1. Take the residues in the range 130-179 that are farther than 14 Å from S99 by Cα and among the hydroxyl-bearing types (S, T, Y), then tell me which one is farthest from the chain's Cα centre (by Cα).
2. Please determine, by comparing only the residues of the range 157-181 that are of a type outside the set (V, I, T), part of a strand (DSSP E or B) and open to solvent by 30 Å² or more (accessible area, probe 1.4 Å), which one is nearest to Q123 (Cα to Cα).
3. Scan F184, F190 and give me the residue that is over 30 Å from R96 (Cα atoms) and surrounded by 15 or more Cβ atoms within 10 Å (Cβ to Cβ).
4. Of V176, V198, which residue is over 18 Å from R108 (Cβ atoms), free of Cβ contacts under 8 Å to residues at least 60 places away in the same chain and of a type outside the set (D, E, K, R)?
Amino acid sequence: MGSWGFGEAERLKKCSSFEAVRFARIWNCHISKGWASAGAASELDRQQSRSLLKRGKEKKREKDHRLTQSQRSKPGTSDSRLASPAGNMYEPQPARTFSAEEARAAIRTVLEGRLQDAKYEPQGSALAAVELAEGVKKAVKALGYERYKIVCYLVLGAAAASDLSCSSRAVWSPNVDTYAEFCFQNDSLFALCLVFAVYQE
C-alpha cells in the first residue's frame, strides 16, 4: 500500500475530473477514519446509503401511521379504508353521496330569496346571473359534501312568449356523479339553475 503525501492531496483538489473527486473523498475518509483500502471506503459509503434508506422507510411508515390515526378521528370513515396505510389516497366511492333533493332545496332558497320581486333588465342580467350562480354554489358547498366539485350553470332571461333551449355535456361516472336543477319564474323573468356534482377520485 502506497502512502499519500500532502502535495498529492493538493494536486487532487485542483483537478476537476470525477476520478479526482472520488479519490479526494477516499483521502478525506483516510484522514478522519484512519488508513484503509479503497474497498473499505466504498463499503463505508454502502453502509451510509443503507442507513439513509432505512431511515427514509421508517419516516414514511411513521407518516402513514399518523395519517391513519388522523383519519380514525374523523366521522364517517370506514374500517376497510383504514386497513391499509394508502387507503385514504384513492376512494372510488364517497363516504356520503350527494343528495339532489338537498341541493334543489338550497337552490330554491337562494333564487326565491333574491328574485321574488325582481324585474328583468337586459343591461345588468349578465352580472346578476354570475352573482346568482356564485350564491347558489356557495349554498350547495355549505351542505358539506366532501370531495365533490360543484359546477353551477345559470340562465337568466325575460319571461316572454318565446322558447329557449339549453344543453350541456360532461364526462362523468353515473355511480357517484349527479346533478340538481331548479327553475324559478315570476311575471318578469325566469332563472334556470343547474348544479353538477362531480366526485373527485
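The values are calculated or read from the model by the stated rules, or taken from the named source; none is laboratory data. Because the structure is a prediction, the values reported are computed rather than measured. All Cβ positions, glycine included, derive from the backbone under ideal geometry; neighbour counts span all protein chains shown. Areas reflect the complete protein model, heavy atoms only, side chains present, ligands, DNA and RNA absent. Shrake-Rupley method; radii C 1.70, N 1.55, O 1.52, S 1.80 Å.
1. If we take residues in the range 130-179 being farther than 14 Å from S99 by Cα and among the hydroxyl-bearing types (S, T, Y), then S162 is farthest from the chain's Cα centre (by Cα).
2. Filtering the range 157-181 down to residues of a type outside the set (V, I, T) leaves 157-170, 172-175, 177, 179-181.
Add one more test, that the residue is part of a strand (DSSP E or B), and what stays is 157-158, 179-181.
Right, trim to open to solvent by 30 Å² or more (accessible area, probe 1.4 Å) and you get 158, 179, 181.
Details: A158: 12, Y179: 30, E181: 26 Å.
The residue in question is A158.
3. Details: F184 fails: over 30 Å from R96 (Cα atoms).
Result: F190 is the single residue among F184, F190 that is over 30 Å from R96 (Cα atoms) and surrounded by 15 or more Cβ atoms within 10 Å (Cβ to Cβ).
4. Working: V176 fails: free of Cβ contacts under 8 Å to residues at least 60 places away in the same chain.
Going through V176, V198 in turn, the sole match is V198.
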